[in-house]
1. I need every pair where a residue in the stretch 44-59 that is touching a residue at least 24 places away in the same chain (Cβ under 8 Å) has its Cβ under 6 Å from the Cβ of a residue that is aliphatic (A, V, I, L, M) and more than 15 Å from the ligand (Cβ to nearest atom), sequence separation at least 6 or different chains.
2. What pairs come out if I take residues in the stretch 443-472 that are over 30 Å from Pro331 (Cα atoms) and pair them with residues that are basic (Lys, Arg) whose C-beta lies under 7 Å away, six or more apart or interchain?
3. Just one of (1) of a type outside the set (D, E, K, R); (2) within 14 Å of the ligand (Cβ to nearest atom); (3) buried (at least 21 other Cβ atoms within 10 Å of the Cβ) trips up Gly419, so point out which.
4. If we scan the stretch 305-316, do we find a residue that is closer than 18 Å to Val190 by Cα and more than 16 Å from the ligand (Cβ to nearest atom)?
5. Kindly provide the set of residues from the stretch 140-192 that are closer than 17 Å to Trp416 by Cα, within 16 Å of the ligand (Cβ to nearest atom) and of a type outside the set (Phe, Trp, Tyr), ordered by number.
6. For the stretch 307-337, how many residues are assigned to a loop (DSSP other than H, G, I, E, B) and under 30 Å from Ile402 (Cα atoms)?
7. Restricting the first residue to the stretch 305-317 and requiring it to be modelled with pLDDT of 95 or more, which pairs with a second residue that is charged (D, E, K, R) and more than 16 Å from the ligand (Cβ to nearest atom) meet a Cβ separation below 6 Å and a spacing of at least six or different chains?
8. Hey, any hits in the stretch 93-106 for a residue that's touching an Asp or Glu at 6+ places or on another chain (Cβ under 8 Å) and either more than 16 Å from the ligand (Cβ to nearest atom) or part of a helix (DSSP H, G or I) (or both)?
Amino acid sequence: MDEAHDLECGNVKVKQNSRNLTDVAPRVTAGSRFPEGFLWGVSTAAHQVEGGNDNNQWAAWEQAGRIKSGDRSGKACDWWNNAERDFDLAQEMGINALRLSVEWSRIEPREGRYDALAVRRYRQMLEALHQRGIQPMVCLHHFTHPLWFEQRGAFLGGGAADLFGRFVRHVVSALGDLCQHWVTFNEPNVYATLGYVLGEFPPGRRGQILTAVALVNALARAHTQAYRAIHELQPQAQVGWAHNFVVFQPARPGARRDRWVTGLVNELFNESFLRLIELGKLVFPLSLASGDLTEVKGACDFVGLNVYSRFHVAFDARIASQMFARVFVPPHVPQGDHGVEQPYGEAYPAAIRVAVERVARIGKPIYVLENGVPDADDRIRPWLIVNVVQELDRLIQAGQDIRGYFHWTLTDNFEWSEGWKLRFGLVALDPKTQQRTVRNSGRLYGAIARGNCISPEMVNQYFPAGIELTPD
Ligand code: IFM
């Protein structure tokens, strides 16, 4: 066991594990105020919170028994009937922004047939947010799409970008007066990797790296078409996408093969979509699997970052299907709850810095659109929030154009192939009774949002005994 240190932080003690002191900010100092208008938000996604979504490819995946825990999304957080209950909680906490997604399979349940009632419900939700002083940000594709679209080959099928573009036009025409910030796609890199390399997301293919690259290209084209369509309808709109960024580190930094394979994984996962936006093309060797995408270059008004973890990468000659990369979480790093079969990942606040410094090269404003940790007992989440907020403060002081931070997530919700096993909420949810309990980290986050800064007093108020980092 490592010795734990108590670090004096004004009148607050933060207990931390000595092994991680280089990775975390050791002190809660009285931070500067964040810029006026900074967004302190939470992020959500339709299939994870709405309940009753039975016409998309994830519903079919659940029915086929592909959720590792055997769970179903079911009523989820029951937002289709009562999202307003959680909007009230968000308002009470002092949150001023909320990212949600619209469910394509509700709005266009059959190809070319639109459901006016579904659109009306989304209008109600956006109006409800405005009434509570919460700015909405709407994502147009968060992993799910209608079964009819999946059956046509989804984004790899013919005419996919046009079909998505038509849906986007429908949504923006109907909701544009209530929303200025649009996210076209959530995590194209996660969709491609988990869907075509690791087989954990539908369509469940494994080892199809070239197809994954083709999908990233197709998503970049669809993103660009959507970006242009939104600007035609709403010239002042701010349009971006949500990019999942993972810090990959060679398991043995001295080993050339570990460094090489880490570079390859980084290029495929972190860099591919970014390079298309930045350069309009991929770099070698991924360029071999890519066409001319000059139209994609520069197609965004902001970059959204979803940042959670660091992974170690070792060369392993036995796993060609994963580009010879063994990606793992070493023991004794800070972690939240374990997934059904594998660790979720290292909770790594410094990842925000790595990600922001990388995407700043694109020269657009940055929103952190997701960050959080699965943590049913609220054991490590407060530590994460404190460190991440301080990291953001330092980055902004250093001149980075970061406009908002959205915590994942408001209320525990359905975590894709992990089902209900992983709980990311600032608010705990019992999905059976729908009972909600605000976690202490939710109270802390609310204080930060209301104060537009972080101070030792806030931490002291909600964690008088100090925030303990318990890595294992
Ligand atoms: O729940 C997901 C979300 O849908 C996409 N980003 C990561 C979150 C936590 O795994």
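The values are calculated or read from the model by the stated rules, or taken from the named source; none is laboratory data. None of these values were measured; they are calculated from a predicted model. As a convention, Cβ positions derive from the backbone with ideal geometry for all residues, glycine included, and neighbour counts pool all protein chains shown.
1. These pairs meet every condition: Asn53/Ala59; Asn55/Leu147.
2. Asn452/Arg33; Cys453/Arg33
3. The one condition Gly419 does not meet is (3).
4. Going through the stretch 305-316, the residues closer than 18 Å to Val190 by Cα turn out to be 305-313.
Filter again for more than 16 Å from the ligand (Cβ to nearest atom), leaving 312-313.
Yes, because at least one residue in the stretch 305-316 is closer than 18 Å to Val190 by Cα and more than 16 Å from the ligand (Cβ to nearest atom).
5. Those that are closer than 17 Å to Trp416 by Cα, within 16 Å of the ligand (Cβ to nearest atom) and of a type outside the set (Phe, Trp, Tyr): His141, His142, Thr144, His145, Asn186, Glu187, Pro188, Asn189, Val190, Ala192.
6. Looking only at the stretch 307-337, we keep the residues that are assigned to a loop (DSSP other than H, G, I, E, B), and these are 316-319, 323-324, 329-334, 336-337.
Filter once more, keeping what is under 30 Å from Ile402 (Cα atoms): 329, 333-334, 336-337.
Matching residues across the stretch 307-337 total 5.
7. Ala314/Asp258; Ala314/Arg326; Phe315/Arg257; Phe315/Asp258; Asp316/Arg326
8. yes
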